[in-house]
Structures are given as C-alpha cells and as structure tokens.
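Input: a single structure, listed below in structure tokens.
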C-alpha cells in the first residue's frame, strides 16, 4: 500500500499547537487530532518521533491512508463525529514511509469541537510492557500477603516445637537420645531464620538518604569478587551523569547483591574456563512509566551475564517466593530484591536466553 504525500497546508491553517492541544506534547502515546476528512490537524511530539517527520510535514496528511484498514478507520471517525460512541478501541498497524509498520492499539474519541476527532495510538509493545509491569506489581503484593500469613502460621507452632524439644532433652538420661532433640532444635532454628528472612522487607519502612548507585555497584562487585575470586570478570559500564537519589542504601545493596550473586552462581562452569563475565551497566531512562505513573527520569541498572540462561519454564516465576532452580537455594533472593526495589517505586524485570541474561532494575529519580 502506498503512503500518500502530505498535502500543502492551507494558508490559514495553524501548524503550531494551540492551547487546547499543547498538553498532548507531554504524553508518551502517539496523538493526532484529525477532522472529519481524516486529515491531520495536529500531531504531538511522540507521533513526530515515531514517524520521523515534523508536525509541519504531518499537517494535512490523510491518516486513513496510513492505516492497515483505512475503511474501518474512516467509519470510526464518522461514528465518533456523530456521537455514536464515546470512545472506540481496536488494534491495527500504522504504516510509515521507509519504516516497518508499527502495531498499535488505537483509541478514537470525539474532540472538544464538533469537527475534531482525537486519535490516540499506543504501540503494542508499550502496552505489553504496561501489562507486564501491572502483573509483576500485583504478584508482588500477593506474595507479600502470602509470606506474611504463612510466616505467622509457621512461627507459633515452631516455637512450641523447639520448646518441647528442649524440655524433652532435660528429661532424657541417654546422651544418644539427646542427639535427636538437638536435631529438632537446630532444624527449628533454621526454619525460624528462613521465616525471618521472608519477613525482612516488611518489618520496617525503608530509610531515606542520598544514594549514589555507583557506590552501591562498586560495593557489590567487591563482595562478589571476594566470594568468587577466580575466573570471573565484572565489567563496569557506568553513566557518570546519573544523580544521587533518595533511597535506602543497605536495601539497595542487598537487592543488587542478590541479583549479581545469582548470576555468579549460574556462571560456575564458565569460571572454570575463565570466560565468566558479569556486566553492571547504568543509564538514565527518560519518560518511563512505572505502575502507571509517568516519570521524567529514571535510573536503569542492567545486570548482564553470559551464563546458560534461565529455563523457559522458570523465567516467569523467578520472583516467586521459594521458587529456585538451585538444589541448595531458598528461592528468596530475587523475591527480596524485587520487594526492596518496589519499596523505591521501582521494578526488576528479567529477559533470558542461552548465553545472555539481563536483569533490569528501574528506579525513578526524584
């Protein structure tokens, strides 16, 4: 399908946004205001960037000719103009000259003026990211309640079990039998420590102090290299322009340490060959949405390793409590990391393939 050239703007047309449209420039979604003829009267900055054209060049472009299904699009505009619906949503593709078609979720709504229709286009990969974020946040809240309830149910009988074992030990005369009561006490203590770790993120509010993320990363890399002194390389790729932000330094160290230590443990076979590598990369991300809230600036910390990757069946569950792919693991490291980062209004996401696993930590800056 050919893309029509934009028509020359009429002499009286305004090519700069008026006060009614200026707010659209602050949105990350693609916004166009069209007339009943489907020609663009205004395009916001996000649409300019997606199309690679200025709003001056987009003005007058027949937007219906740039949709995968122009007939349905024109009908939707007519229905919006007639007041047949308040808003119409559907998925289609936005055709762009010299670029691949962009899958978008389209929302069509009547504008403030009778001859105006507002077209909002959300790239489907962005929509999928929002849905994934919502799912991770909802799962974390559910896990938090589960852990708190489970810990409460375990602690009370555990204390009684330990106390009964100690009383029984005092009554026993045979030293060999006392070994069994000691096993009960030791295992009860081990379970108590596990419960305490599960409850750690919820026992107190995070501190608020100025944190330098690179100091956190440097501290973590020293700890990990001390634990794995041979065969592991840690590459630091920092953006020095990232400002300090308010947070709990100790909890952030623990969160990053849990991620990096997990990566190091997965790299043990590569360490024997001397090829194990973990990269700590920091960047500034702009116009990021976290928990449906827009942030102008955010810290993006990537922990990248060249290990075997996470099994596909485990990838969606890596942040679940007590889920682990290691024989001697507790399944709490990444759960705690996610909890600590979410206490900073952030999120941890994971992508993995054989030879390349990335944990992305995103935290708003201010």
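Sequence gap at least 6, Cα distance under 8 Å: using those rules, report the relative contact order of segment 161-256 to the nearest whole percent. Let's see the in-between values first.
Working: 56 pairs, mean separation 30.4, N = 96.
The normalised contact order for segment 161-256 reaches 32 percent.
Could you work out the relative contact order of segment 206-364, using alpha carbon pairs under 8 angstrom and six or more residues apart, expressed as a whole percent?
Reported as a whole number, the value is 23 percent.
Please sort 256-267, 213-224 by packing, taking for each peptide the average over its residues of neighbouring beta carbons within 10 angstrom, highest first.
Packing order, densest peptide first, comes out as 256-267, 213-224.
Run the simple label-point estimate for residue 185 and residue 113 please: 7 Å along Cα→C-beta, distance reported in nm.
So the two model labels end up 8.5 nm from each other.
In terms of the Cα gyration tensor, with a ≥ b ≥ c the square roots of its eigenvalues, is segment 201-298 rounded because a/c is under 1.5, prolate because a/b exceeds b/c, or oblate?
Here segment 201-298 falls in the prolate category.
Under the definition of Cα pairs under 8 Å and six or more residues apart, what whole-number percent is the relative contact order of segment 22-124?
27 percent
No lab work stands behind these numbers, since they all come straight from the coordinates. Keep in mind that this is a model prediction, so the values were computed, not measured. Positions of Cβ are generated from backbone atoms using ideal geometry, with glycine treated the same way; all protein chains shown enter the neighbour counts.
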